[in-house]
Ligand SMILES: [Zn+2]
């Protein structure tokens, strides 16, 4: 048992990964992959890419503004409204509002916003990036002395945290955006959209092939799709409803192309006569609903999430979209390229040398995306409450369950409002969806 373990440790050691820090091969691989994106030259010696964050400087502006965005010019109405809201904010927090900024300071702030930059991230203020006033001392109100200009997003991210640490985090994020590095999701709506899209199982893979005279979709449509892929830098994830028309059923029934989890009821017409009668004979619970991976010909009258490549394939096969709810756009990146190239080379070398390490490198490549989708959410928060507190908590929409501990003590479980994302979940989503067909 010791020798395989030593082998494992040695294999990852060459990538500077300490196996003892991680609990599975998937997490070791995950660490290796992300290490390789930030230190590409350590993985692929021919790579001329520098090591990221080596040139990082906290005083440099890493924002990547839209070159067409116009410089922000403060309007009187806008400023007046801002002053009113700052005053309300201070008043509600019980802060003295006498020395607050007022509509009379318009000229001062108009020129300040035009000439200065964000005090946190050094970005210029544009109509894409509105300025706001960031209070330096949170005990004090919005006065001229206490406020520095900052982007709205920086101001929110800064909140009550240490300004230098907040600034470092924001700049590191901007650096990552500028260099197209994979990173975690910070917008909860996008996180939830991606979370829905994770449907596991490579039960079957579509192979597209062109057979002269037989293929229906080898004329202009694949070209259009190919063109879209080549020309667009952006890739997206969309939440849609749709169906395949009855005329396509004959082509598609052997392998319905929509692979998604749906809730299945154990009724005879759903699971079939044989399964139904078997289940009844063995008195299995028939009222329970199950989530099952299904191959479908429509989206089951639900909104379902697809990535662009999968959606294009479905459209190619004749999908008609009837409704859409959300769409989110991502930048394409090739950050994992050194990782894949290195592992593939190592695998080929092992095959040539007749070494069994070949299987190991295959495993590394195959498990490299899985950990991206594993984000541990906190599913519940448990509070110990007295009877009165329990009564209130049970009426809250986030209430999940209650258990009596003693006469006047209850354990109340509450759904947390937010979920943090610690993995680059979008990488996993695209890998999973793209794996459903092969071009
Ligand atoms: Zn900023």
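The values are calculated or read from the model by the stated rules, or taken from the named source; none is laboratory data. These numbers come from a predicted model, not from an experiment. Methodologically, a virtual Cβ is constructed for each residue, glycine included, from the backbone with ideal geometry; neighbour enumeration extends over all protein chains shown.
Conditions tested, residue by residue: (1) in contact with a strand residue (DSSP E or B) (Cβ under 6 Å, 6 or more places away or on another chain); (2) modelled with pLDDT of 85 or more.
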{"residue": "107", "(1), (2)": "no, yes"}
{"residue": "117", "(1), (2)": "no, yes"}
{"residue": "127", "(1), (2)": "no, yes"}
{"residue": "151", "(1), (2)": "yes, yes"}
{"residue": "157", "(1), (2)": "no, no"}
{"residue": "182", "(1), (2)": "no, no"}
{"residue": "195", "(1), (2)": "no, no"}
{"residue": "206", "(1), (2)": "yes, no"}
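Selection of segment 184-202 for residues being touching a residue at least 40 places away in the same chain (Cβ under 8 Å), more than 16 Å from the ligand (Cβ to nearest atom), assigned to a loop (DSSP other than H, G, I, E, B) and under 20 Å from the mean Cα position of the chain (by Cα) yields 184, 185, 198, 199, 200, 201.
Taking first residues from segment 119-148 that are closer than 21 Å to residue 92 by Cβ and partners that are within 16 Å of the ligand (Cβ to nearest atom) and assigned to a loop (DSSP other than H, G, I, E, B), the Cβ contacts under 8 Å between residues at least 6 apart in sequence or on separate chains come to 134/119; 134/120; 146/136; 147/136. Of all residues in segment 359-366, none are closer than 30 Å to residue 334 by Cβ, assigned to a loop (DSSP other than H, G, I, E, B) and touching a residue at least 24 places away in the same chain (Cβ under 8 Å). Taking segment 255-294 as the region of interest, how many residues are surrounded by 14 or more Cβ atoms within 10 Å (Cβ to Cβ) and touching a residue at least 40 places away in the same chain (Cβ under 8 Å)? Within segment 255-294, residues that are surrounded by 14 or more Cβ atoms within 10 Å (Cβ to Cβ) and touching a residue at least 40 places away in the same chain (Cβ under 8 Å) number 7.
Quick grid of which residues meet (1) in a helix (DSSP H, G or I); (2) within 13 Å of the ligand (Cβ to nearest atom):
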site: 94; (1), (2): no, no
site: 97; (1), (2): no, no
site: 108; (1), (2): yes, no
site: 120; (1), (2): no, yes
site: 138; (1), (2): no, no
site: 153; (1), (2): yes, yes
site: 156; (1), (2): yes, yes
site: 165; (1), (2): yes, no
site: 170; (1), (2): yes, yes
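Test of understanding: among 133, 181, which residue is part of a loop (DSSP other than H, G, I, E, B) and surrounded by 14 or more Cβ atoms within 10 Å (Cβ to Cβ)?
After ruling out the rest, the residue left standing is 181.
In this structure, does residue 128 turn out to be in the same structural domain as residue 147 (by TED's automatic domain parsing), within 16 Å of the ligand (Cβ to nearest atom), more than 23 Å from residue 160 (Cβ to Cβ) and surrounded by fewer than 17 Cβ atoms within 10 Å (Cβ to Cβ)?
Yes.
State yes or no: is residue 101 surrounded by 17 or more Cβ atoms within 10 Å (Cβ to Cβ) and over 20 Å from residue 364 (Cα atoms)?
On the way: surrounded by 17 or more Cβ atoms within 10 Å (Cβ to Cβ): yes; over 20 Å from residue 364 (Cα atoms): yes.
Here the answer is yes, as residue 101 does meet what is asked.
Looking at segment 367-389, which of its residues are under 18 Å from residue 414 (Cβ atoms) and not in a strand (DSSP E or B)? Across segment 367-389, the qualifying residues are 376, 377, 378, 379, 380, 386, 387, 388, 389. Among 115, 76, which is the only one that is within 16 Å of the ligand (Cβ to nearest atom), more than 11 Å from residue 142 (Cβ to Cβ) and surrounded by fewer than 13 Cβ atoms within 10 Å (Cβ to Cβ)? That would be 115, the only listed residue that is within 16 Å of the ligand (Cβ to nearest atom), more than 11 Å from residue 142 (Cβ to Cβ) and surrounded by fewer than 13 Cβ atoms within 10 Å (Cβ to Cβ). When residues in segment 140-151 are screened for being within 15 Å of the ligand (Cβ to nearest atom) and crowded, with 19+ Cβ neighbours inside 10 Å, 4 of them pass.
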